[in-house]
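Chemist: Structure below; questions to follow.
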Amino acid sequence: MLTGRVNPSGRLPVGVPRTPGGQPSTYLAPPLGRRSQVSNLDPTPLFPFGHGLSYTGFVWEHVTVDGRVLDEGERLDVATDGGVELAIIVRNTGERAGAEVVQLYLHDPVAQVTRPVVRLIGYARVELEAGESQRVSFAVSADLTSFTGLTGARLVEPGDVELRLSTSAEAARHTVPLRLVGPLREVDHTRTLTSQVIVE
C-alpha cells in the first residue's frame with residue numbers, strides 16, 4: 001500500500017481523535033455532543049467515521065430521486081408508509097483502478113426525542129477501472145426514519161428529513177431534502193431495517 005502497488009479503499013469504523021489523550025468515538029452523537037456554542041470543548045475528530053483515502057479520484061454526479069433530478073431547493077414529499085429510490089453515478093477520474101465507498105446518511109433535524117445528527121442507513125463499495133463509471137441506487141423506505149418515541153413505541157414521524165450521500169459522516173457531497181407526509185405511523189418488528197442497494 002505504501003509503495004502504491006495496492007490502492008487503499010478501507011474506511012474508518014470510528015472517529016480518530018484530534019487531540020492527544022482523546023478516545024476513538026462513534027459518529028452517533030446528538031447536536032450537543034458535537035462542537036457548539038454551549039461548551040468550550042471541541043469533540044470534532046481529526047478523521048471522522050467513514051473516512052478513507054485512495055490513489056485515484058472519483059466524481060459523484062447526476063443524482064436522481066425516483067428517476068428525476070430535483071430542482072435547486074426542491075423538497076420531495078414522501079408518504080410515511082412509502083419510500084424513494086435515490087441514485088447517483090460514480091466515475092473514476094484517475095489513471096488507475098480503485099474502489100469508492102458511497103455512504104448514505106439520514107439527517108432528521110426535528111423529532112419528539114433527541115436523535116443523532118446523522119445515521120448511516122446504507123452504503124455501497126464500487127470498484128472501478130480508470131475512466132469507468134457505475135450507477136449506484138438505494139431503495140430507502142420511510143421505515144428507516146423510525147425511532148423510539150416518548151411513549152416507547154417505534155414511530156415514523158411526519159416532517160422534514162435529509163438524505164446525505166457522503167464520503168464520511170462529516171463530508172456530504174450531495175443532500176436530498178425530503179418531507180414525510182401523512183399520519184404519525186407506528187411500526188413493528190416487520191419494518192424495513194435496511195436500504196436495498198444496486199450497483200450497475
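Readers should treat all values here as calculations from the given coordinates under stated rules, not as data from a laboratory. Since we're looking at a predicted model, the values are computed, not measured. Counting neighbours? That spans all protein chains shown, and the Cβs are built from the backbone with ideal geometry, glycine included.
Chemist: I'd like the distance between the alpha-carbon centres of segment 7-22 and segment 77-142, rounded to an integer number of Å.
Modeler: If you average the Cα positions of each part, the centres end up 21 Å apart.
Chemist: Once you place label points 7 Å from the Cα toward the Cβ at ALA97 and THR44, how far apart are they in nm?
Modeler: According to this spin-label approximation, the distance is 3.8 nm.
Chemist: Mind checking which of LEU144, LEU104, LEU165 has the largest fluctuation in a GNM of the chain, springs on alpha carbons under 10 Å?
Modeler: LEU144
Chemist: Let me ask something else. Obtain the nm distance between the two label points defined at THR3 and VAL110 by a simple spin-label model: each point lies 7 Å from its Cα along the Cα-to-C-beta direction.
Modeler: Result: 5.9 nm between the two label points.
Chemist: If I build a Gaussian network model for the chain, linking alpha-carbon pairs within less than 10 angstrom, which residue out of VAL78, VAL140, VAL59 has the largest mean-square fluctuation?
Modeler: In the Gaussian network model the winner is VAL59.
Chemist: Also: Please work out whether the chain counts as rounded, prolate or oblate from its C-alpha gyration tensor, where a ≥ b ≥ c are the square roots of the eigenvalues and a/c under 1.5 means rounded, while otherwise a/b larger than b/c means prolate and anything else oblate?
Modeler: Numbers: a/c = 2.14, a/b = 1.23, b/c = 1.74.
Oblate is the answer for the chain, as a/c is 1.5 or above yet b/c matches or exceeds a/b.
Chemist: What nm distance separates the two modelled labels at ARG75 and ARG191, each placed 7 Å from Cα along Cα→Cβ?
Modeler: Output for this residue pair reads 2.2 nm.
Chemist: Same structure again: State the extension gain, in nm to one decimal, for the chain segment bounded by THR148 and ASP160, taking 0.36 nm per residue of separation less the distance between their alpha-carbons. Don't skip to the end; give the middle numbers.
Modeler: On the way: separation 12, 0.36 × 12 = 4.32 nm, distance 1.75 nm.
Between THR148 and ASP160, full extension yields 2.6 nm more.
Chemist: In whole angstrom, note down how far apart the Cα centers of segment 159-187 and segment 55-70 are.
Modeler: Comparing the Cα centres of segment 159-187 and segment 55-70, I get a distance of 16 Å.
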